[in-house]
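The values are calculated or read from the model by the stated rules, or taken from the named source; none is laboratory data. Here the structure is a predicted model, which means the values were calculated and not measured. Glycine also receives a Cβ, built like all others from the backbone with ideal geometry; neighbour counts cover every protein chain displayed.
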Amino acid sequence: MSDKIILKTENLGITFGGLKAVGDFNMELREKELVGLIGPNGAGKTTIFNLLTGVYQPTEGAIILDGQTMNGKKPHQMAKAGICRTFQNIRLFKGMSVLENVKVAFGQNMKYNVAQGIFRTKSYWQEEKEIDEKARELLKMFHLEEFAGNLAENLPYGQQRKLEIARALAGSPRVLLLDEPAAGMNPTETAELMESIENIRRSFDLSILLIEHDMSLVMGICERIIVIDYGMIIASGTPYEVANNPKVIGAYLGE
Amino acid sequence: MKLSATTKRSNLVNLIGSAVLFAVIMALSAAGIIDRYLQGVLIIICINIILAVSLNLTAGCLGQLALGHAGFMSIGAYAGAIFAIYSPLPGEITLILSMLIGGAVAAVFGLLVGIPVLRLKGDYLAIITLGFGEIIRVIMENLEITGGASGLRGIPNNTNFTTAYWVMVIVIAVHFTLMWSRHGRSIKAICADDIAAEAAGVRTTYYKVFTFTISAFFAGIAGALYSQHIGLLSAKAFDFNRSIEILVLVVLGGLGSFTGSIVAATGLTTLTELLREFSDWRMLVYALALILVMLFKPSGLFGRYEFSLTRLIDRIFKKEKGSKPSRGPEKKLPKKEDAKV
């Protein structure tokens, strides 16, 4: 882990009508760091993800990726700039194969144009072959290569989660946002997932921001944890510090 | 390059398949079994296949309900026809150029309509494209260059079965190769989940407008073919009902299946011709066919399935040999549809 800050937010906030969903959100994510974002239901965790990926435009504050202000960027521009995500409720491309799901994300960095695609020139074959190999390699890392030709929606739940992470990685992100990756998983699957996340961090050069309710997962792998409630940061620090913070205990258990 | 070798074989198989079908029809015509009337029907089938396949690109592959396809066809028909009337060139060249002009003009309108409209979704898009189709009809009825309400006459009859057939084959092939390229994958991804597609880096607005424009382009080509087959254009032929008829072909065949569009266009056009004598009953049979399919197979006749001639040949061939039970790797290869006319 280096000290270089890759993603930073400055007083980030969004207001829906009269409701302030997130306010004064200040966060720094360093290179190769794994940070957990936790908070009770409705605290604004997913809203923060939506702000960071351009789904919502912030009404105040700034998002800074590697020194560049990202306000006003669309989701696909955010993805191209290096912020990729998964979704709380799995959003795979149904009706497409496992391999194709990954290829879609890879495809955005491909070069051949429409005419070359229709008439199948040399560059079409070259690039298609290249991403076919890349995509299979990526699937192999997640032990999904044997399902490459299956339809994505026919995978078991745990595998679908993995495929979503694989798809996000295919966009070659610098920051990976995981929205409740362990939701609905049994303890064995969760343990396997923790291992995968560790692996990802080691093999890919990226930082991870993780939303999770499963405390064993969050406490086990995160270096730092940010706790929010009612759209505001109420605590941050190491897992131990956070777990013993009276404000956090109050937010979760009621005062 | 195993991938490209298999595809080349598949391309060859499809080309031979298309050529054989063409040769059979030509032989039947020479023998007098297919008369002038039937040839005319075959041309209409080709045109309807082009229309259904191109609408399927927007409605099936991209998943956007567009109800103005006849509008684009009409633009292509008038643009192509006006060119053909004034063109001093020989018939075949005039036809090809007029198709390109018709397609290009329709594509320009597709782009102009698509940019503002495709930010909307579902019902809104349907209503606006519907309105667009009607606007085009009213404009065509009132312009002088399009012959006004009495229609455009004196269009040379340049369309023959050979051109219509091969244009159709090319259009189908282009649709297949497009959908198996990275652009096609992006289009399918948008249809499956546009939020996830956008998050995966797909420029959704761009691809929506792009698909809509391509769709309009091919509708324009079909229009140009149509105008020089009928020889007379009246704006009423391209009303709202026409758009719905094309949509019915797509839905009946299966949204997202070009095979389905081809079969449905062939089947329903034939049915329409067979029922010509009982014109009062025609719409009833038409509607009944649709209701039955929707009741028993809501995803359309073919769902998202695509027929592959190569696969069929392989299956027959391997059964005889009895050696390889599986089809080997599950790699799905780009296939061009064997054209059914």
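Some notes on this structure:
- Any hit, the stretch B:202-221, residues being within 8 Å of chain A (Cβ to nearest Cβ), on the phi > 0 side of the Ramachandran plot and not in a helix (DSSP H, G or I): no
- Residue satisfying condition, being buried (at least 22 other Cβ atoms within 10 Å of the Cβ), modelled with pLDDT of 90 or more and closer than 21 Å to A:Leu52 by Cα, within set A:Ala170, A:Ala135: A:Ala170
- First in the stretch B:181-198 and closer than 15 Å to A:Val102 by Cβ, second anywhere and acidic (Asp, Glu) and modelled with pLDDT of 90 or more, Cβ under 7 Å, 6 or more apart: B:Arg185/A:Glu100
- Top-ranked residue of the stretch B:192-201 - restricted to ones that are assigned to a helix (DSSP H, G or I) and facing chain A (nearest Cβ under 8 Å), ranked as nearest to the chain's Cα centre (by Cα): B:Ala192
- Filter result for A:Lys94 (surrounded by fewer than 20 Cβ atoms within 10 Å (Cβ to Cβ), in a loop (DSSP other than H, G, I, E, B) and within 7 Å of chain B (Cβ to nearest Cβ)): yes
- Contact annotation: residue pairs with Cβ atoms under 8 Å, 6 or more positions apart or on different chains, pairing a residue in the stretch A:71-82 that is farther than 19 Å from B:Arg119 by Cα with a partner that is acidic (Asp, Glu) and part of a helix (DSSP H, G or I), are A:Ala79/B:Glu198.
- Residue count for the stretch B:55-97 under the criterion of being in contact with a Cys (Cβ under 9 Å, 6 or more places away or on another chain) and among the β-branched types (Val, Ile, Thr): the result is 0.
- Conditions (1) away from chain A (no Cβ under 14 Å); (2) without any contact (Cβ under 8 Å) to a residue 40 or more places away in the chain: number failed by B:Arg242: (2)
- Filtering the stretch B:127-163 to residues that are over 15 Å from B:Asp239 (Cα atoms) and among the aliphatic types (A, V, I, L, M) leaves B:Leu143, B:Ile145, B:Leu152, B:Ile155.
- Only one entry of A:Val242, A:Val227, A:Val248, A:Val218 meets the criterion of being part of a strand (DSSP E or B) and over 24 Å from B:Ala197 (Cα atoms), and that entry is A:Val227.
- Pairs where the first residue, in the stretch A:108-121, is more than 15 Å from B:Phe176 (Cα to Cα) and the second is at pLDDT 85 or above and not in a loop (DSSP other than H, G, I, E, B), C-beta under 6 Å, 6+ apart: A:Met110/A:Glu127; A:Met110/B:Arg182; A:Tyr112/A:Ser123; A:Tyr112/A:Tyr124; A:Tyr112/A:Glu127
- If you go through the stretch A:162-185 and keep only what is on the phi > 0 side of the Ramachandran plot and free of Cβ contacts under 8 Å to residues at least 60 places away in the same chain, you end up with just A:Gly184.
- Residue in the stretch A:186-197 that is assigned to a strand (DSSP E or B) and touching a residue at least 12 places away in the same chain (Cβ under 8 Å) present: no
- Of all the listed residues (B:Ser74, B:Ser18), the sole one being crowded, with 17+ Cβ neighbours inside 10 Å, closer than 18 Å to B:Thr266 by Cα, touching a residue at least 12 places away in the same chain (Cβ under 8 Å) and of a type in the set (S, T, N, Q) is B:Ser18.
- For B:Ile262, the test of being more than 23 Å from B:Leu38 (Cβ to Cβ) and either touching a residue at least 24 places away in the same chain (Cβ under 8 Å) or assigned to a loop (DSSP other than H, G, I, E, B) (or both) is failed.
- At least 3 residues being more than 14 Å from chain B (Cβ to nearest Cβ) and touching a Phe, Trp or Tyr at 6+ places or on another chain (Cβ under 7 Å) is the threshold, and among the strands (runs of 3 or more DSSP E) wholly inside the stretch A:20-89 not one reaches it.
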